[in-house]
Amino acid sequence: MTLSLRARIAVPLIGPPIDDAVVCVSDSRVTWCGPWKGRPAFVGEPLIDLGEQIVLPGLINAHCHLDYTSMAGLLPSPRSFTDWIKGLVALKSSWSTTEFGDSWRKGAEMLLRSGTTTVCDVEAIPELLPAVWSSTPLRVISFRELIHLKRGDGARDLVNNAVEAMAKLPVEAGGLGLSPHATYSTTSDLLEVAGAVAQKRQWRLMTHVSESDEEFEMFMYRHGPMFEWLKGQRDMSDCGLGSPVQHLERIGFLGENLIAIHVNHLWRHDAGLLGRNKVSVVHCPRSHAYFHHLKFPRTDLERTGVNICLGTDSLASTRRTESEPVELDMFAEMRSFFEAAPSIPPETILRMATMNASRALGKANELGWIGEGALADLIVIPFAGETSQVYEAILHHRGPVAGSLIAGRWAIEPRL
Ligand SMILES: [Zn+2]
């Protein structure tokens, strides 16, 4: 099956924007991307002229909890991170599997219509898989959430049982990974076992790391609200020895296959440890604003070569604004990031939501850009400006996309 798309402009990201461009697709891959004038002798049919629009790579949401989508606005504005987590745990326990499933599907629809084509999702309710995968054309990489607070063999059984169940799933429906939930909600035993399994199976790991000052305080100094809350239920012998990042380094958990979520609080050499170990970090701008965390340490991380991506996190930690509905939307995340750091070029921000994320997933050779051999995951948005302003136009795009192609098939038919 072939298809060609002509458009006012294509943004391949591996080269400069192309005016009057054509993108040729065969089955699930791009076979050519370049100027209409220099097109190959054979341009695959049908040829669709998108007119005054931009074709760009589909966005990659590097961190999400789709099953929490319907929790939007249900948790009160947090006085502290620990209070918020307690509220989330209580809310989760009151929900049925059906509610989580409906919530997951609602979130996937929001992401699709706002231009995401790949999502890295933390699965707290594994029973939803694989049915929810077949409910969406999105490329979903599902990271099985693992929480364990006590030392001992329980961790090994927990991981092995989870992996055994996951290995039975039809892998073609999505990629798989493990998500030891957070530094504070896991033990060293669990992290060690999960790290070894991920290494063996060549899976990615996704863990919340150094998200709040309360977690930082707990690991560094053995006190604070999170320490007080967890000390009766968690083995705290790993606290008082250094920062959350140092904790992961001691266990040997830092590596190229780790996608560390948030990383808002760094101790002296933490950025260097993450950079040296080739860890990728996901920043979730609207979730960051919701909790009023300290400024995201982007420059420290970039200086040591850390690959930074963007994610939505969940709607349970996204604030309602006057101007926009509360929806999972990577364009809203890019804009929120830009508002906090207006000196960063829009092109750099778009790369965080595309190429940087594909690198974090180990898929840099086929995802997050447009060119020969890339997966045909493309989105279309209207454009009426100057070519030199194309990245600004992308950053400020609002509302649904005008088309979405995933693996060479229309997930949203193009609006002409
Ligand atoms: Zn999260």
Checklist entry - Pick from 28, 185, 93: which is most flexible by mean-square fluctuation in a GNM of the chain where alpha carbon atoms under 10 Å apart are linked? => result 93
Checklist outcome for this item: Phi-derived 3J(HN,Hα) across the stretch 6-12 with the Karplus relation (6.51, -1.76, 1.60, θ = phi - 60°), rounded Hz, x for Gly and Pro, is 9, 8, 3, 7, 10, 10, x
Checklist outcome for this item: Taking every DSSP bridge whose two residues both lie in the chain, the antiparallel percent to the nearest 5 is 40
Next on the checklist: For the chain, what does the helix formula give at 222 nm: sum of -39500 (n - 2.57) over DSSP H segments with n ≥ 4, over the residue count, nearest 500 deg cm²/dmol?
Outcome noted: -9000 deg cm²/dmol
Checklist entry - Full extension from residue 42 to residue 199: what is 0.36 nm times the residue separation minus their Cα-Cα distance, to one decimal in nm? => result 52.2 nm
Item to check | In Hz, Karplus ³J(HN,Hα) per residue of the stretch 140-152 (6.51, -1.76, 1.60; θ = phi - 60°; x = Gly, Pro) | outcome: 10, 9, 9, 9, 6, 6, 10, 10, 7, 10, 10, 6, x
Item to check | the chain - Kirkwood radius from inverse mean 1/r over Cα pairs (Å) | outcome: 21.8
Checklist outcome for this item: Largest fluctuation, 404, 280, 336 only, Gaussian network model of the chain with Cα springs under 10 angstrom, belongs to 336
Next on the checklist: Output needed: percent of Cα pairs per 5 Å distance bin for the stretch 97-142, bins running from 0 to the one holding the longest distance.
Outcome noted: 5, 23, 40, 23, 9, 1
Checklist outcome for this item: Any lysines whose Cα falls less than 26 Å from that of residue 295, other than same-chain ones fewer than 8 residues away, would be 86, 278
Checklist entry - What is the calculated FRET efficiency for residue 153 to residue 222, with r their C-beta to C-beta distance and R₀ = 25 Å, to the nearest 0.05? => result 0.45
Checklist outcome for this item: Tilt, helix 330-340 to longest principal axis of the chain (alpha-carbon atoms), in degrees rounded to tens, equals 70
Item to check | Residue-wise HN-Hα coupling along the stretch 27-43, computed from phi with Karplus coefficients 6.51, -1.76, 1.60 (Hz; x: Gly, Pro) | outcome: 6, 9, 10, 7, 9, 6, 8, x, x, 3, 4, x, 5, x, 4, 10, 9
Item to check | 0 to 90° range, to nearest 10: angle between helix 188-201 axis and the chain longest Cα axis | outcome: 30
Checklist entry - Based on the Cα gyration tensor of the stretch 66-153, what are the three equivalent ellipsoid semi-axes, each the root of five times an eigenvalue, rounded to whole Å and given largest first? => result 24, 18, 12
Checklist outcome for this item: The answer for residue 2, listing residues at least 5 apart or on another chain whose modeled amide H is closer than 5 Å to its amide H, is 27
Checklist outcome for this item: Rounded to the nearest 0.05, FRET efficiency between residue 300 and residue 80 (Cβ-Cβ, R0 30 Å) equals 0.75
Checklist entry - What net charge do the residues around residue 135 carry, taking every other residue with its C-beta under 12 Å from that of residue 135, with Lys and Arg at +1 and Asp and Glu at -1? => result 0
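Read-outs throughout are calculated quantities, based only on the coordinates presented, and are distinct from any laboratory measurement. None of the values given here were measured: they were computed from a predicted structure. Note: ideal-geometry Cβ built from the backbone for every residue, glycine included; neighbour counts use all protein chains shown.
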